[in-house]
1. Sorting Ser129, Ser92 on the 10 Å Cβ count, fewest up front, what's the list?
2. Just how many pairs of Lys in the stretch 46-211 have C-alpha atoms closer than 17 Å, counting pairs that are eight or more places apart or on different chains?
3. Within 10 Å of each residue's Cβ, count the other Cβ atoms and sort Arg122, Arg206 from fewest upward.
4. Using the number of other C-beta atoms within 10 angstrom as an exposure proxy, rank Glu114, Glu150 with the fewest first.
5. Could you work out how far apart the two model spin labels at Met158 and Glu120 are, taking each label as a point 7 Å from the Cα in the direction of the beta carbon, and quote it in nm?
Amino acid sequence: MKKSESWRYFNRQPVLTETLRPNKTLQFCDTLVIIYRTFVRYYNLNSKEKILSHAIALFAEHGYSGLSMRQLATTVNMSVASIYHYFPDKNSLYLAALQYAFSAKEQVFSLVWEAECNEEQRLALLVRSLLTSLKEDPLFHRLIQREILEANAERLQMLAQKVFNKQFYLFTEFAGRLAPAYDAYLTAISIIDIICGYIDNLALHRHFSWLES
């Protein structure tokens with residue numbers, strides 16, 4: 001696993017980009033400032049955040065059962081006792097890592113729910129947001145796929161109730177407004193499955209020569 005994989009979780013605030021300035025020198029200076037701030041934020045993470053940022057990457061690579069607390073401690077250069085100081089057991093660590101990774105996505109979805117637009121426009125915003133989240137965070141997507149395939153009832157219940165519950169509820173309410181003549185939950189799940197299916201097969205689609213045109 002590349003060490004940089006865990007960096008995607010270090011910034012807890014959404015990034016806002018300004019309109020590009022016409023002067024190339026100013027653009028270059030702006031880029032340097034962004035890089036500097038990126039390193040500062042990463043190295044200023046507290047110990048708990050560093051544990052979580054590495055844990056989500058390691059869970060995605062090895063799965064829940066394949067990752068030991070000792071392996072995580074070695075990766076973050078801490079003792080196992082220090083890990084347990086923040087997280088009393090592996091389940092607590094796993095839940096906290098998932099919530100940590102999903103929190104930035106919740107901020108994006110909240111903007112979609114609060115947007116002043118009609119439901120068709122909100123659907124377009126939602127699809128773009130979900131596609132972007134899945135494309136930019138393959139580690140989190142891979143981890144969720146692992147959980148669905150492994151079908152561990154306890155962990156799936158934890159995911160449903162303590163990570164995704166609020167957003168799925170809001171999504172289902174939205175689906176009911178979007179298509180009131182149909183079952184709201186089935187509509188919501190169908191939209192999500194179409195988007196996730198597209199992302200899952202994206203690597204394969206790139207090799208179809210007839211799609212190049």
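Taken together, the values in this text are just the output of simple stated rules run on the coordinates, not laboratory data. Small disclaimer: the values here were computed from a predicted structure and weren't measured. Cβ: placed from backbone, ideal geometry, glycine included. Neighbour counts: every protein chain shown.
1. In increasing order of surrounding Cβ atoms, one gets Ser92, Ser129.
2. Lysine pairs, 8 or more places apart or on different chains, close enough: 6.
3. Going from sparsest to densest Cβ surroundings: Arg206, Arg122.
4. Ascending Cβ contact count within 10 Å gives the list Glu114, Glu150.
5. Calculated label separation equals 4.4 nm.
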